[in-house]
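Okay, structure first, notes after.
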Amino acid sequence: MLVSFEHVSLRYPCGRTVLDDINLALMPGLFYFLTGASGAGKSSLLRLIYQMEKPSAGRVTLFDRDTAQLYRHEYPALRRRLGIVFQDFRLVPHLSALENAALPLRLAGAERLDVEQHVKELLQWVGLGDRLHALPSELSGGEQQRVSIARAIVNKPRLLLADEPTGNVDDESAQKLMHLFLELNKMGTTVIFATHQKDLVRRYAKPILRLRGGRLITAREEAA
Amino acid sequence: MGMPSNLFATAFSQQRLGLMFSIIMVLMVYLGTLAIAAQAVLARTALTWGYDLQSRLTVEIPFIPDEDPLLKATKRDKMIAALRAMPEVADVTLIKDDETRRLLQSWIDDAALLDALPLPQLLDVTVKVGAALEPDAMQRALVKQVGEAQVYSHAGWMDKLFGFLTGLGVIAAVMLVLTAFAVVTVISVVCRAALVVQHDTIELLYFMGAPDHAIAKQFQKHIQALAIPASLIGFALAVLTIAMLVFMLSSLGGLSLIAPLSWVTVGGMMTLIPVGGASLAIVAARVSLLKHLRRLG
Ligand SMILES: Nc1ncnc2c1ncn2[C@@H]1O[C@H](COP(=O)(O)OP(=O)(O)O)[C@@H](O)[C@H]1O
Ligand SMILES: [Mg+2]
């Protein structure tokens with residue numbers, strides 16, 4: 001099991017319960033949509049997976065490890081097997097697109113020149129071949145999003161967490177990015193794709209995790 | 001770890017935190033270096049003066065009107081012999097009447113009065129190094145063996161000066177401690193400000209799986225690049241200031257007031273400050289960042 005939640009709840013310090021008794025088990029190699037209206041708790045659920053939040057109750061298992069029993073020094077290696085596309089991109093403002101996308105490889109110990117060619121090709125693949133040396137401030141929202149996607153997949157993660165990765169692009173670009181994620185999934189990366197865009201979800205026959213009122217609901221409940 | 005080296009450039013160059021930090025670091029090292037130099041010089045001077053004062057006594061044989069000069073001389077010689085016989089005494093010299101007069105001349109203008117003045121006979125006694133000699137005990141022994149005598153220890157009136165010098169030394173030491181404390185505080189504040197500015201970058205690195213020590217190292221590099229030149233500048237300014245003070249003092253002929261001391265020792269102690277200050281800054285930066293990372297989860 002790649003990720004599993006057992007009776008997981010998340011309460012923010014303000015006292016609000018955002019996720020309530022979530023149970024799920026994700027198989028490696030699949031592509032999952034995570035849907036729900038804005039504010040349903042999609043980002044919160046992803047944060048529980050990448051360990052930015054700890055569950056208030058229940059157990060989160062990641063790569064077959066109970067995350068409550070991880071030692072601090074075990075986090076980095078675990079996190080490097082994840083790719084994260086943040087909803088707010090989180091590009092380093094004074095690094096170029098190329099440097100931003102190369103960051104995970106650099107963190108893993110690669111030197112600049114060794115990774116440059118690979119990162120260039122990846123940026124070409126996401127359609128930024130001519131914007132390699134631009135700073136984030138010189139890029140449009142959609143372009144920044146693509147840099148953050150390139151950064152998330154550059155080290156071939158086992159699990160890709162994408163938080164509204166098509167939220168800032170037009171429909172055509174969204175389609176293109178979807179293909180990119182699907183292709184990545186074919187190469188073996190498990191993908192969790194959070195989005196509130198229902199039409200996008202409908203177009204692809206993929207398993208869906210639906211959030212409503214802090215709970216995961218079934219397709220039948222959704223229809224009702 | 002091949003992280004880009006300019007990850008924290010935003011906080012340090014764009015927000016001017018780097019400049020602020022450098023200025024404060026220069027000032028701290030400057031003050032700290034002056035304080036330690038003052039401390040070294042004062043401690044050494046106080047020690048030498050203290051030693052000098054402890055090792056000297058004056059014995060006064062009171063003036064007796066119409067005393068037979070021969071008797072007077074015999075009594076004086078007996079007194080000198082008695083003093084020399086004491087095991088603690090290293091040396092005894094008679095202060096000649098002329099010398100005593102000369103000492104009084106500055107106070108008394110009238111030559112006739114000076115001649116008529118009943119002058120006591122004074123003996124300058126040097127005590128052996130390390131010997132503990134009580135002026136009172138010495139006086140009792142002299143009175144018993146020879147006759148009327150007064151023993152004065154210089155320590156009494158110069159004790160205050162000695163205390164003053166020691167006090168200055170203590171102030172310099174306290175200043176040093178306060179400076180170190182200020183360095184740590186300032187670094188922590190600057191680091192916290194930098195961490196706020198770069199919060200997103202740090203969080204990003206953390207959640208991309210950069211180990212704590214690798215993030216801390218990057219941050220530390222920035223502080224290092226600022227702290228080392230700043231320390232050197234502060235140190236150079238302090239050395240310049242001290243050189244000017246020494247030059248002024250020696251042109252006034254006052255350099256001999258300072259006990260003979262090894263400038264190599266003082267210089268060695270002074271270099272502790274920039275080295276210590278920069279190290280303190282680097283360690284403080286590292287600790288702030290590691291603490292910050294622990295709060296991230
Ligand atoms: N750090 C936080 N503290 C308190 N409340 C939060 C925090 N983050 C999110 N929330 C709240 O939790 C709810 C779910 O947020 P989020 O997970 O971002 O939803 P989604 O990603 O589905 O839009 C929202 O109502 C939001 O206001
Ligand atoms: Mg969200």
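Couple of notes before you dig in:
- Set side by side, the residues B:Pro229, B:Pro274 differ, and just one is at pLDDT 85 or above, under 30 Å from B:Ile36 (Cβ atoms) and crowded, with 20+ Cβ neighbours inside 10 Å, which is B:Pro274.
- Being more than 16 Å from ligand 1 (Cβ to nearest atom), at pLDDT 90 or above and touching a His at 6+ places or on another chain (Cβ under 9 Å) is a description that applies to A:Val154.
- Qualifying residue in region B:144-166 (condition: open to solvent by 20 Å² or more (accessible area, probe 1.4 Å) and within 14 Å of chain A (Cβ to nearest Cβ)): no
- Taken as a whole, region A:1-21 holds at least one residue that is under 17 Å from the mean Cα position of the chain (by Cα) and either hydroxyl-bearing (Ser, Thr, Tyr) or within 13 Å of ligand 1 (Cβ to nearest atom) (or both).
- Filtered residues of region A:177-194 (kept if more than 16 Å from ligand 1 (Cβ to nearest atom) and surrounded by 14 or more Cβ atoms within 10 Å (Cβ to Cβ)): A:Leu177, A:Met178, A:Leu180, A:Phe181, A:Leu182, A:Leu184, A:Asn185, A:Thr189, A:Thr190, A:Val191
- Selection status of A:Pro13, under 22 Å from B:Phe207 (Cβ atoms) and out of contact with any strand residue (DSSP E or B) (no Cβ under 9 Å at 6 or more places or on another chain): yes
- Between A:Glu143, A:Glu121, A:Glu138, A:Glu221, the distinction of being at pLDDT 95 or above, more than 16 Å from ligand 1 (Cβ to nearest atom) and among the charged types (D, E, K, R) belongs to A:Glu138 only.
- Yes/no for A:Thr35 being of a type in the set (Val, Ile, Thr), within 16 Å of ligand 2 (Cβ to nearest atom) and either in contact with an Asp or Glu (Cβ under 9 Å, 6 or more places away or on another chain) or without any contact (Cβ under 8 Å) to a residue 24 or more places away in the chain (or both): yes
- Checked against (1) within 16 Å of ligand 1 (Cβ to nearest atom); (2) within 13 Å of chain B (Cβ to nearest Cβ), A:Ala40 passes all but a single condition, namely (2).
- A:Leu30 being closer than 28 Å to A:Tyr204 by Cα, within 16 Å of ligand 2 (Cβ to nearest atom) and at pLDDT 95 or above: no
- Matching residues in region A:38-67 - criterion: being in contact (Cβ under 8 Å) with a residue 40 or more places away in the chain, among the small types (Gly, Ala, Ser) and either within 16 Å of ligand 2 (Cβ to nearest atom) or open to solvent by less than 30 Å² (accessible area, probe 1.4 Å) (or both): A:Ser38, A:Ala40, A:Gly41, A:Ser43
- Options A:Ala134, A:Ala174; residue that is outside any helix (DSSP H, G or I), surrounded by 16 or more Cβ atoms within 10 Å (Cβ to Cβ), away from chain B (no Cβ under 14 Å) and among the small types (Gly, Ala, Ser): A:Ala134
- Single residue of region A:86-101 satisfying the filter (more than 7 Å from every other protein chain (Cβ to nearest Cβ) and within 16 Å of ligand 1 (Cβ to nearest atom)) that is surrounded by the fewest Cβ atoms within 10 Å (Cβ to Cβ): A:Asp88
- A single entry from A:Gly58, A:Gly83 fulfils the requirement of being within 14 Å of chain B (Cβ to nearest Cβ), away from ligand 1 (no atom under 15 Å from the Cβ) and part of a strand (DSSP E or B): A:Gly83.
- If the condition is being assigned to a loop (DSSP other than H, G, I, E, B), of a type outside the set (Asp, Glu) and open to solvent by less than 20 Å² (accessible area, probe 1.4 Å), then region A:137-166 contributes A:Leu139, A:Val154, A:Pro157, A:Pro165, A:Thr166.
The values are calculated or read from the model by the stated rules, or taken from the named source; none is laboratory data. Small disclaimer: the values here were computed from a predicted structure and weren't measured. Here the Cβ is made from the backbone with ideal geometry for all residues, glycine too, and neighbour counts use every protein chain on show. Side chains are part of the model used for accessible areas, which takes the heavy atoms of the whole protein and leaves out ligands, DNA and RNA. Shrake-Rupley method; radii C 1.70, N 1.55, O 1.52, S 1.80 Å.
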